[in-house]
2 protein chains.
Amino acid sequence: MEFTELITKRYSVRAYKPDPVEDEKLQQVLEAARLAPTAANRQPFRLIVIHTAGREEELKRIYPRDWFVQAPLVICACAVLSEGWVRRDGKRYTDVDVAIVMDHLILAAANAGLGTCWIAAFDPVAAREVLGLPEDVEPVVFTPLGYPADEPRPKERKPLAELVRYERW
Amino acid sequence: MEFTELITKRYSVRAYKPDPVEDEKLQQVLEAARLAPTAANRQPFRLIVIHTAGREEELKRIYPRDWFVQAPLVICACAVLSEGWVRRDGKRYTDVDVAIVMDHLILAAANAGLGTCWIAAFDPVAAREVLGLPEDVEPVVFTPLGYPADEPRPKERKPLAELVRYERW
C-alpha cells in the first residue's frame, strides 16, 4: 500500500478473527521490523512471537482483555538494555529504538491486511514471569497479530497548529 | 511508495542539497506525524521546525556536524512530559510516543523524496538553550530535512534468528 494510505488506514484493532496468520506474512512483518533504524545501529531489541492457542489464561495475566488473546499471535517487543546506546548525559535510547521497530512491524502488518494494537498498559511483572525474561530484557510494548474482526474508527488527533512550533518554543 | 519499498529505500542521509523544501511537502510530512498513534491518544509531543539559514553556528552547538545544518530545515521532536501517559508502575511512555511520531515523519519524508537522519547524539543542554524549551519539554530526537546529496548505503542488520524468539525467552 502507498504509505500515506497505509498510515491513514492503520487503526487499533480490538477484535480479531481466529484465522491463522500465514507464515509468509509473519516473516514479512518481522523483516520490516528488522530493517528499522536504531541508535548507533545497536539493534538492542528482541521480538517474542507467542501463539495464543491454549495459553489464553496465562497471557491474560499480562493484559486482561479477551481480544488480546483472540488473535492467533501476540508479539512482545523487548529492549535488551545492555545492548542499547546511552548518550553522554545518561539518556538511554532503547525505548525509542523499540518503538521504531514496533512501528515498522505494525505498519507492515496493516500493509499485509493484518490487525494490531499498541499495548503499553500491560502488567510488566506478569510479562516477565510468563515470558521468562532475564533481568536485562525489558518488555516495552505488546501487540496482538491477526485478522481484524472490527471496523476502523475515525482518528481523533489534535490539529497541527497545536503540535508544531516554528523556530523556537 | 509501497511500504516495503519505502522502508528498504529510507537511509540516514548525511549530505544535503541547499534546495528548499516545498511547503506542501513539509505539510505532508507533518501531517504523517500528526496521524501517529500515541499511548492513550495523549499526543504528548511537539515538533519544532527550524530554518537553518543564518543560524548554522548556533545550531551546531546542538549537533556539531556540517551536514546537520546543510539541509534547509531541521526538525526537533519533543516530549511534553506532563501530557504523557505513565503506567501504574511509573514507566513513562513519552519516548515511545515521540519515536512513533518521528518514524511516521521520517518515512513520510522518504516517501516525498526527502532525506532525514535520526539524531540522538545531540547536546541536550544546548538544545534547550537554543530552542528556548520549558522545563517540561524534552528534546528527544532531531533530524535535518532536505533533499539528499549522498547515496544510500546497504543496511547492516542482524539476522532475524538473532532478533526473534518464539514463545519464551
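The values are calculated or read from the model by the stated rules, or taken from the named source; none is laboratory data. If you're wondering where the values come from, they're calculated on a predicted model, not measured in any experiment. Positions of Cβ are generated from backbone atoms using ideal geometry, with glycine treated the same way; all protein chains shown enter the neighbour counts. SASA here: full protein model, heavy atoms, side chains in, ligands and nucleic acids out. Shrake-Rupley method; radii C 1.70, N 1.55, O 1.52, S 1.80 Å.
Worth pointing out:
- All of B:Ala36, B:Ala71, B:Ala77, B:Ala32 fail the test of being under 18 Å from the mean Cα position of the chain (by Cα), modelled with pLDDT of 95 or more, under 21 Å from A:Asp97 (Cβ atoms) and assigned to a loop (DSSP other than H, G, I, E, B), apart from B:Ala36.
- Between A:Ala149, A:Ala126, the distinction of being of a type in the set (A, V, I, L, M), open to solvent by 40 Å² or more (accessible area, probe 1.4 Å), more than 10 Å from chain B (Cβ to nearest Cβ) and in contact (Cβ under 8 Å) with a residue 60 or more places away in the chain belongs to A:Ala149 only.
- Residues (at the interface with chain A (Cβ under 7 Å from one of its Cβ atoms), open to solvent by 20 Å² or more (accessible area, probe 1.4 Å) and in a helix (DSSP H, G or I)) located in the stretch B:39-55: B:Asn41
Yes/no matrix, rows are residues, columns are (1) in contact with a strand residue (DSSP E or B) (Cβ under 9 Å, 6 or more places away or on another chain); (2) open to solvent by 30 Å² or more (accessible area, probe 1.4 Å):
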| residue | (1), (2) |
| --- | --- |
| B:Glu2 | yes, yes |
| B:Tyr16 | yes, no |
| B:Asp19 | yes, yes |
| B:Arg34 | yes, yes |
| B:Cys78 | yes, no |
| B:Arg87 | no, no |
| B:Leu114 | yes, no |
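- A single entry from B:Arg42, B:Arg87, B:Arg46, B:Arg65 fulfils the requirement of being modelled with pLDDT of 95 or more and touching a Leu at 6+ places or on another chain (Cβ under 7 Å): B:Arg46.
- Unique residue being farther than 16 Å from B:Lys9 by Cα, under 15 Å from the mean Cα position of the chain (by Cα) and more than 9 Å from chain A (Cβ to nearest Cβ) when the list is B:Ile119, B:Ile100: B:Ile119
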